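Read the figures in this text as sums done on the coordinates, not as results from a lab. This is a predicted model, so every value here is computed, not measured. Every residue, glycine as well, gets a Cβ built from its backbone with ideal geometry; the counts of neighbours run over all protein chains shown.
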Amino acid sequence: MMIETLIAVALVGALVTFVAPNKVAGKLAFAISLIPAALSLWMFTAFDGSGNALLDGQLAFESRMEWIQLGEYSISWFVGLDGISLPLVVLTTVLITLAIVSSWTPIDDRQSQFYGLLLFIEANLIGVFAALDFFLWFVFWEAVLIPMYLLIGVWGGPRRKYAAIKFFVYTNVASLVMFVAFISLVFGLGDSVTSFALPEIASAMLEGGPGSFAGIAGSTLAAAVFVAMFLGFAVKVPVVPFHTWLPDAHVEAPTPASVLLAGVLLKMGTYALLRFNFTMFPDQVEAFAIPIAALAVVSVIYGAMLALAQTDLKRIVAYSSVSSMGYVILGLVAYTQFGVGGATFQMVSHGLISGLMFMAVGVIYNATHTRMVTDMSGMADRMPIAVGVLIAGAFGYMGLPLMSGFAAEYFIFFGAFGSEMLEYAPAFTALAMFGIVIVAGYLLFAMQRTLFGPYRLETDYDVGRAPLHDVAPMFVLLALIIALGVAPELIFDMIKDAVDPILALGGGA
Amino acid sequence: MATAFEFAPAIALFPLAAFVIALVFGDYMPKKGAFAGIFATAGSLLLSLWVLATVAGGEPYNEQLYQWAIGDQIGFHFGILLDPLSALMLVIVSLIALLVHIFSLGYMNAEGETGLRRYYAELGLFTFSMLAFVFADNLLMAFMFFELVGLCSYLLIGFWFRTESAPSAAKKAFLVTRFGDYFFLVGVVAIAATFGTLSFAGTESFPTAAEAAIDNGETLFGFDAETWVTITGLLVLGGVIGKSAQFPLHTWLPDAMEGPTTVSALIHAATMVAAGVYLVARMFGFYAQSPTALSIIAFVGGFTALFAATMGVVKDDIKQVLAYSTISQYGYMMLGLGVGGYVAGVFHLMNHAFFKALLFLGAGAVIILMHHEQDMWKMGGLKDKAPVAYYTFLSGALALAGIVPFSGFWSKDEVLFDALIVGLEQPLFLAAYAMGLIGVFFTGFYTFRMVFLTFHGEPRTDAARDPHPIGWSVKVPLIVLGVLALVAGVVNLAPIGKLTGAEITFLEFWLDGEYGAIEGLTYHAYHEAVPFAEGYIGTETVTMLVGAGLSLGLALAGAGLAYSLYNVPEPVPHTEKLGSVRTLLRSNYYQDEYQVWLAEGLTLPLARAADRFDQGVIDGVVNGVSSVSLFGSGWIKRIQTGVVTNYAALLVLGFIALLVVLGLHGGWFA
């Protein structure tokens, strides 16, 4: 019942916060959010699962209850964790707590609703990573959109309506495509499945795949579903060319929403890709390996080039997320232990690092009320500690060794270079790796212009040091980033355990 | 009984502790954390000497200490490799780091700098990274600390971050070396994927695996084994060329003079720049398998040696002269290693560490004397006013120019000798040798131009007439290094050994494992693997005398020319007579221009074009589709009230409705 407790605490907490007075909402939400954070950390230490959740693995914190019988198919409340989902749950609970603290300074309007939504989104995010029944999972998946839509649309910047609607419609249309595709697949699988439980569907897929459905041959159906689902998730990740909602959403979103958007919401896309496309469709992965790898490389390089052209700090970090998520796709399509394991590691690592970067940009914005690179310089003079952490985070983003980003990228590069599944793997890898030069380029340029040089910022007030509660969450993230960089086995061990059964399917290792 | 090796990790961890202590408590400590660094590096030095003695006692050490990431087929770990090469380098690095820390008391603290806490913290981190790089037992660990060395030099070059120029120089240093490290990382990944190991030493090492693959005629990644070794070796070399500032990635180094002079001493003598060449020596067994890679190393080195030396001729800033001399000197080391002269390369690395640290600290002393003036044309006549600075600087200059019997002569001569004997059999290498040889003349010239302009003649400004005094913390490091620059050559007096038959080439014995080494990592093993034949003019002794005579003659000729032009009471800028050549040299052969163009004239416009494409075409399609299919429809328009709370209400209602329907269907409420 651990997962139910996590979700329930967040949901009840959301309701309580929603009706609490604005003045105390921030502190209250923080206190409530500590419960799931602490519980999930305990779960992390008590984790006793093994193998992959979809492939007959031993689930941790499993619970399953029949819920609805829909024709021939049963829908159940089915949750459980394996080595892939647990780190993402911990990432979610920790980031939510930190995002709440980082909201104390910038959010000064309708606080109770704001913090209530943050807790509400937490409940749904945990659900997305824990659910093992397609219907249940899809409910959580869709429900995440609503609070995020509101966070951007109500507390966002000047163009918040456009950004919020674009975010909502774009990702929702993608979900619809994915949903229809998956349902057709289930129908195509015919009698071999009797429920929407993902492990059952996975084993049906692996034991023969879909028969013909609506006049479409089974193999064609499988390929079509694979492509449709890939496209559906690609919007969420986002993979170029489906990324244009992301910079708009980030620029308009308030800092804590950006932290969650980049830190966790994007990982929903890659997580779903791993759970569905890369677990249930090994043959299709092989067939589509080259175009997927090409999309990954384009995302890395093109995303980084776009970041280079920006002058808004938030847009820079937003586009660099596109680039970083490209590495995840490359790792997945490599289909090796370090490739897929590294991709999963990168999901966690990028969650921490991008969270830190958005917080740092937010702290500077709190003080300067601008994010434009051209508007300021020499901020290190006035905000030495916040800037120090920002520099550390930026180097984390550049993949500095002994920080988690390096471990993630190195695993992916090594895993991809020697991939047997992917033709021309060394060439794809070497091309994608050039991203590490461009990322250094745009971050160093931005830092030089804003943080260093003589202090310059036109304000009619004094810019001083950031308050402790602004910088404390960043230190927590930095500590986690360094811990995972020095000792990646902290989570890589359980990740490998959950990833290995997937690779055994394709005969790779 | 505890052995030195049990304490070996502390060699690197002491400075790491100093970093943490200085960072956290620096503001509350006397001298702002300097003592933490001094004690830490002194501790590292003592432990390094103990390790050196233990290795000399015949006990090398090669252990894995910590599993960083474990896979089914390959694991990545941290480990320590202590053999003659790394033990020697540990002593050099910790010694220079200690002296730089002490010198900083006089250069930074006494000059009333702010930000000293940051300075000492970063210095500690820098030393930690370099020491861990030096004793790394595998290529991945080496890469990781290689990158951290790059981070630290970024931080220290940009120490004076309130200026415009320092942050720019710091960025350039990191970016250019990162470009090199990109190739390095591809190389690491390729080697790991090919051979399944990244260890430097032992039977399970990648040089051994490469040798076996070549012997067995294997095909690796579609290439024959030797070609693949060449490719991967050259990829790793990318990192070396970046860090060791070899052509064409040398452009960051002169700009890096923006950092405090103490930092320059550390970067140039013992850390950042030394890291590249050290890496080639560390994995020499791998490069020895590939004649192509070795030739490229030799030519890059020879060319850089000459190329950088010519630019040093026309510089006015004392630190700029030294910067170009660093590039040039590392070129000699590369030349030595590239022709298979492993001992010569390492010998010059060691000597250069001493005399270049000396010259930079000497330049630091001059800058204190001159009240923070760096233009040599505003100096003059400091000889009598600051004898300690003068004589120690002179010792370093004689070593740099390669004048007998100073240390630099012996090692540079050995490099050139090795290049010559290989060139006599493989004439192609004669070109590399010739470039190195001509470089000697320019080195002699620019070195003594610097000495005469700075210390000789009449004082040309008020500052030079009334220099600021320098204290003991400045003088002590200068004297220590001054003596080393003079005598360090005795460890390998190869020419005298050859003439007299005396067994005095101790460094060669040392690196050859006569006092203990790891099998396969000895000079002999390397020498056998290197596929170059050696030839002589007449006998070996004659060849040696001809070579030594040529290089010494050219060095003296360069120094003599400088003497005649600049050792006068009121020197004038004779280089102006060079006309357009001078313009070319002062513009550094326009290397900066094209690289800046690549970044700002090509990449940035490309990025902006990509951005316009993204906004216009890709996002345009997205917006177009949505306006046609969704928002164009009148039905949608009616609920599109534009009030966000309405959307919210709709969404929440929809969500609740979905739950209720599902719940009812499932009989939850029944």
Log10 I(q)/I(0) at q = 0.08, 0.15 Å⁻¹ for segment A:288-509, from Debye over equal alpha-carbon scatterers, is -0.30, -0.90
Could you give the nm distance between label points at A:ALA287 and B:GLU519, where each point is 7 Å from its Cα heading toward the beta carbon? 5.4
With Cα coordinates, the longest principal axis of chain A makes an angle with the long axis of helix A:22-46, in degrees rounded to 10, of 50
Sort A:SER40, B:SER395, A:SER404 so the one with the fewest other Cβ atoms within 10 Å of its own Cβ comes first. A:SER40, B:SER395, A:SER404
What's the Cα-based Rg to Rh of segment A:239-309, Rh via Kirkwood? 1.04
Label-reachable residues, segment B:56-78, where backbone N falls under 17 Å from a point 7 Å from B:THR203's Cα toward its Cβ: B:62-64
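To make sure I understand, if each residue's beta carbon is the centre and we count other beta carbons within 10 Å, what order do B:HIS371, A:HIS350 fall in, fewest to most? Before the final figure, lay out the partial values.
Working: B:HIS371 13, A:HIS350 28.
By the 10 Å Cβ count, ascending: B:HIS371, A:HIS350.
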Identify the residues of segment A:303-324 with backbone N under 16 Å of a label point that sits 7 angstrom from the Cα of A:THR374 along the Cα-to-Cβ direction, or state none. A:308-316
In a Debye calculation with equal point scatterers on the alpha-carbon sites of chain B and no solvent, what is log10 I(q)/I(0) at q = 0.05, 0.10 Å⁻¹? -0.27, -0.89
Starting from the amide H of B:TRP68, placed 1.01 Å from N in the peptide plane, find each other amide H under 5 Å away whose residue is 5 or more places distant or on another chain. B:PHE76, B:HIS77, B:PHE78
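How long are the three semi-axes of the equivalent ellipsoid for segment A:141-273, computed from the Cα gyration tensor as the root of 5 times each eigenvalue, in whole Å, largest first? Please report the intermediate quantities before stating the final value.
Details: eigenvalues 233, 36, 26 Å².
Here the semi-axes work out to 34, 13, 11 Å.
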Proximal lysines to B:LYS315, defined as alpha-carbon separation beneath 18 angstrom and excluding residues fewer than eight positions away on the same chain: B:LYS356, B:LYS378, B:LYS577
Which FRET efficiency value, to the nearest 0.05, do you get for A:TRP42 and A:SER219 by plugging their Cβ-Cβ distance into 1/(1 + (r/R0)^6) with R0 = 60 Å? 0.85
What distance in nm separates the simple spin-label points at B:VAL476 and B:ARG162, each placed 7 Å from Cα in the Cβ direction? 3.1
Per 10 Å bin, what percent of the C-alpha pairs of chain A does each bin hold, from zero upward? 4, 21, 32, 27, 12, 3, 1, 0
Compactness relative to 2.2 N^0.38 Å, alpha carbon Rg of segment B:147-283: 1.22
Test of understanding: extend the Cα→C-beta vector of A:GLN58 to 7 Å, then name every residue of segment A:71-115 with backbone N under 16 Å from that spot. A:81-84
Separation between Cα centres of segment B:399-470 and segment B:1-22, rounded to whole Å: 37
The helix A:384-397 Cα axis meets the longest alpha-carbon principal axis of chain A at an angle in degrees, between 0 and 90 and rounded to 10, of 30
So if each residue of separation counts as 0.36 nm, and I subtract the Cα-Cα distance between B:LEU561 and B:GLU113, what length gain in nm does that give? 157.3 nm
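Can you give the FRET efficiency for B:VAL572 and B:PHE506, using 1/(1 + (r/R0)^6), R0 = 45 Å, r = Cβ-Cβ distance, to the nearest 0.05?
Details: r = 46 Å, r/R0 = 1.03.
About 0.45, to the nearest 0.05.
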Counting DSSP beta bridges in the protein assembly as shown, what percent are antiparallel, to the nearest 5? 95
Nonlocal Lys pairs with alpha-carbon distance under 25 Å, chain A (8 or more apart, or different chains): 11
Computed from every Cα-Cα pair in segment B:205-283, P(r) in 10 Å bins starting at 0 and rounded to whole percents is 17, 36, 24, 15, 7, 0
Candidate aspartates and glutamates for bridging to B:LYS498, where Cα separation is under 18 Å - those fewer than 8 sequence places away on the same chain excluded: B:ASP413, B:GLU414, B:ASP418, B:GLU508, B:ASP512, B:GLU534, B:GLU540
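So how do B:ILE70, B:ILE367, A:ILE436 line up by other beta-carbon neighbours within 10 Å, fewest first? Walk me through the intermediate numbers first.
Values: B:ILE70 14, B:ILE367 20, A:ILE436 26.
Taking fewest neighbouring Cβ atoms as first place, the list is B:ILE70, B:ILE367, A:ILE436.
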Efficiency of FRET from Cβ geometry, A:GLU458 and A:ILE385, R₀ 30 Å, rounded to 0.05: 0.80
Please report how far the C-alpha centroid of segment B:578-606 lies from that of segment B:122-172, rounded to the nearest whole angstrom. 26
From zero outward in steps of 5 Å, how is the percent of C-alpha pairs of segment B:348-578 spread across the bins? 1, 7, 12, 15, 16, 14, 11, 8, 6, 5, 2, 1, 0
Could you work out how far the C-alpha centroid of segment A:379-420 sits from that of segment A:461-500, in angstrom? 11
Suppose we take every Cα in the protein assembly as shown and form the convex hull; what volume per residue is that in Å³? 175
Counting only other residues whose beta carbon sits under 14 Å from that of B:LEU52, what net charge do I get with K and R as +1, D and E as -1? -2
Note to self: Kirkwood Rh of segment A:315-425, Cα pairs, one decimal, Å, is 15.0
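For segment B:444-593, what value does the Rg/Rh ratio take when both radii are computed over Cα atoms and Rh is the Kirkwood radius, given to two decimals?
Working: Rg = 22.4 Å, Rh = 20.5 Å.
Result: Rg/Rh = 1.09.
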Estimated inter-spin distance, B:GLU593 and B:ASP375, nm [label 7 Å along Cα→Cβ]: 2.4
